[in-house]
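Read the figures in this text as sums done on the coordinates, not as results from a lab. In this text, all values refer to a predicted model and were calculated from it rather than measured experimentally. Cβ coordinates were reconstructed from backbone atoms using ideal geometry, including for glycine residues, and neighbour counts include every protein chain displayed.
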Amino acid sequence: MSSASRYTYLGPEGTFTEAALRSLPEAATRELVPMVSVPAALDAVRAGEAGGALVPIENSVEGGITATLDELAFGEPLMIYREVLLPIAFALLVRPGTDLTSVKTVTGHPAAQAQVRQWLSEHLPDAVWESAASNADGARLVQEGRFDGAFAGEFAAPTYGLEPVATDIADAANATTRFVLVGRPARLASPTGADKTSAVFWLRDDHPGALLELLQEFSIRGVNLMRIESRPTGEGLGRYCFSVDAEGHLTDRRVGETLMGLRRRCLNVRFLGSYPRADEVAGAIARGTGDTEFAEASDWLNRALDGRG
């Protein structure tokens, strides 16, 4: 297959990321290639070895996935084209014949630990946790005998010759992980009416109210922020950039003008894409912030300039 027909994902086989990728209709016609890390999956796209990569970006319990946020903010530019929402529940996978009382060491992705901490405290209070590169990699480590149990998707058990000793493990009801399909920058698809725009912006300088001033760019134009997270820039303590998701599409006047406002006032702005919302929910448009009202205001200004106001 050509590189355009190849999608990479956070592997190895049996991860929740693979399950999310296989939920996309086009996955049936793509070669799906597991990678050892989020940076490796994205670097394959940057190098032209894959047409896209599916990676986790946010969890409803743990928050942002920092490896993905930092790659999108600081690595060679990429764009988000799709998102997938996947409900998450874990199984504790063990080698055949292992009972729960025999489990003394457990592993899983660091994001999984926050989602099973209460269950561990109740059922395996003395078990020692060590993190793995992914939940499926934890299953592989159990297969190799390095740990007694791994928290992973129940669907990973056959791949690694394991069996679930407990299922439907989730401290928080309705836990969900959000994944994004990332590719090289290209022209945007048309808006669907239920879209999301992602970007990263850097403060020009640190002064009282600096972040508030930038957030007002969203507020005065009626753009709803769905997520905002600070990430250190690596340039010293107190130096941060901000990763955001907002309702709407870049072609919506309120969204486009918001990003232009940020571009005027920020040290840097990186646009990460406008793409369909997985929940297909169209955000409410506040009075005075729709495209028609922007167009009417622009027409009024032109008439005023011509002496027709």
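Determine, for 176, 258, the number of other Cβ atoms within 10 Å of each Cβ, and report the residues in order from fewest to most.
With the sparsest Cβ surroundings first, the list reads 176, 258.
By counting other Cβ atoms within 10 Å of each Cβ, how are 169, 228, 88 ranked from fewest to most?
Listed from fewest to most nearby Cβ atoms, that is 228, 169, 88.
Report the antiparallel proportion of the DSSP beta bridges in segment 90-169 as a percent, rounded to a multiple of 5.
DSSP beta bridges in segment 90-169 are roughly 55 percent antiparallel.
Set the Förster distance to 51 Å, then compute FRET efficiency between residue 99 and residue 226 from the Cβ-Cβ distance, nearest 0.05.
E(calc), rounded to 0.05, equals 0.70.
Pull out the extension gain between residue 128 and residue 281, defined as 0.36 nm times the separation in residues minus the alpha carbon to alpha carbon distance; nm, one decimal.
Roughly 50.9 nm would be gained on extension.
Quick one: compute the contact order of the chain, relative version, from alpha carbon pairs under 8 angstrom and 6+ residues apart, as a percent.
20 percent
Of the peptides 48-55, 208-215, how do they stack up when ordered by the mean number of other Cβ atoms within 10 Å, highest first?
Ranked by mean Cβ neighbours within 10 Å, highest first: 48-55, 208-215.
Roughly what would the spin-label model give for residue 211 and residue 172, points 7 Å off Cα along C-beta, in nm?
Once both label points are built, they end up 1.9 nm from each other.
Return the percentage of antiparallel bridges among DSSP beta bridges fully within the chain, rounded to the nearest 5 %.
Roughly 75 percent of the beta bridges in the chain run antiparallel, per DSSP.
From Cα pairs below 8 angstrom and at least 6 apart in sequence, can you work out the relative contact order of segment 90-169, rounded to a whole percent?
51 percent
Tell me, what is the percent relative contact order of segment 209-309, built from C-alpha pairs under 8 Å that lie six or more residues apart?
This gives 23 percent for segment 209-309.
Tell me, what is the FRET efficiency for residue 187 and residue 60 to the nearest 0.05, using R0 = 22 angstrom and their Cβ-Cβ distance as r?
0.10
Where in segment 247-309 are there trypsin sites (Lys or Arg not before Pro) that are in a DSSP coil and have at most 15 other Cβ atoms within 10 angstrom of their Cβ?
Of the trypsin sites (Lys or Arg not before Pro), the ones in loops of segment 247-309 whose Cβ has at most 15 other Cβ atoms within 10 Å are 287, 308.
So for 107, 167, fewest C-beta neighbours within 10 Å to most, what's the order?
167, 107
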